[in-house]
Amino acid sequence: MRLETDRLIVRTFRPDDWQDLKVYISRPEVMWYEGEWESSDDACRRRAQAFADSGAFWAVELKQTGRMIGHVYFGQTQPEAFRTWMLGYIFNNEYHGYGYATEACREVLNDGFRRLGIHRVCAKCALQNKPSWRLMERLGMRREGLSPKAATFRQTEKGQPIWWDELTYGVLEEEWPVQADSASKRTSRP
């Protein structure tokens, strides 16, 4: 599967994406809210293969260079009858601030609502992760809730969990065209 925007190619993950994947998942500042992923060559090869096999991961490639700069997760939640998908994303921090994540996620959502008969898309992030929840708002998603101390990926030096409050965002099928249009007018692209 392949989607295209003015600046990006958003496509099915491939096993040979492992080197670009390694570049950003090996950076603690990129993975701070994701927990620790093993970033050895072998682990990245296995993860890229798993992403390619799953069908839920989209590689985001910069047209100008052909380099994969991040990925989008877009997978259906259970039960299937609810027609709900979960959105997630991780991008190389060298490319933060240029609107690439917003552009890629918007294209994936456009495709999903158009092609898959989706009823609702939701996304979650730590309250402390302001760039992530601002991206969801740029997409036209609505803040639906706050779950106190819902997630932990880090521990103190004494091994105690560091808890983060978790935000949930969502957008419904009937809201998407309206929300996407108004969100794109608010988003400036370099």
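Stretching the chain fully between D53 and N110 yields a gain of 18.3 nm (0.36 nm per residue, less the alpha carbon separation).
Only lysines eight or more places from K63 in sequence, or on another chain, were considered; those with a Cα closer than 22 Å are K22.
The loop-placed trypsin sites (Lys or Arg not before Pro) in region 100-184, going by DSSP, that have at most 15 neighbouring Cβ atoms within 10 Å of their Cβ come out as K158. The simple Förster model, with R0 at 45 Å and r as the Cβ-Cβ distance, assigns R27 and E175 a FRET efficiency of 0.85.
If you stretched the chain out fully between R11 and E144, how much longer would it get, using 0.36 nm times the residue separation minus the C-alpha to C-alpha distance?
44.9 nm
A full extension of the chain between Q78 and S40 corresponds to an added length of 10.5 nm, given 0.36 nm per residue minus the alpha carbon distance. Of the GluC sites (Glu not before Pro) found in region 104-158, those in coil by DSSP whose Cβ has at most 12 other Cβ atoms within 10 Å are E157. Other residues lying with their Cβ under 13 Å from the Cβ of K124 contribute a combined charge of -3, Lys and Arg counting +1, Asp and Glu -1.
By the gyration tensor of its Cα atoms, with a ≥ b ≥ c the square roots of the eigenvalues, what is the shape of region 59-190: rounded for a/c under 1.5, prolate for a/b over b/c, or oblate?
Since a/c reaches 1.5 but b/c is at least a/b, the shape of region 59-190 is classed as oblate.
Considering only M68, M136, M31, the Gaussian network model of the chain with Cα springs below 10 Å gives its largest mean-square fluctuation to M31. Relative contact order, whole percent, for the chain stands at 18, derived from Cα pairs under 8 Å and 6 or more residues apart.
None of the figures in this text is laboratory data; all of them are computed from the coordinates on show. Computed from a predicted model, the values in this text were never measured in an experiment. With ideal geometry, Cβ positions are generated from the backbone for all residues, glycine too; neighbour counts draw on all protein chains shown.
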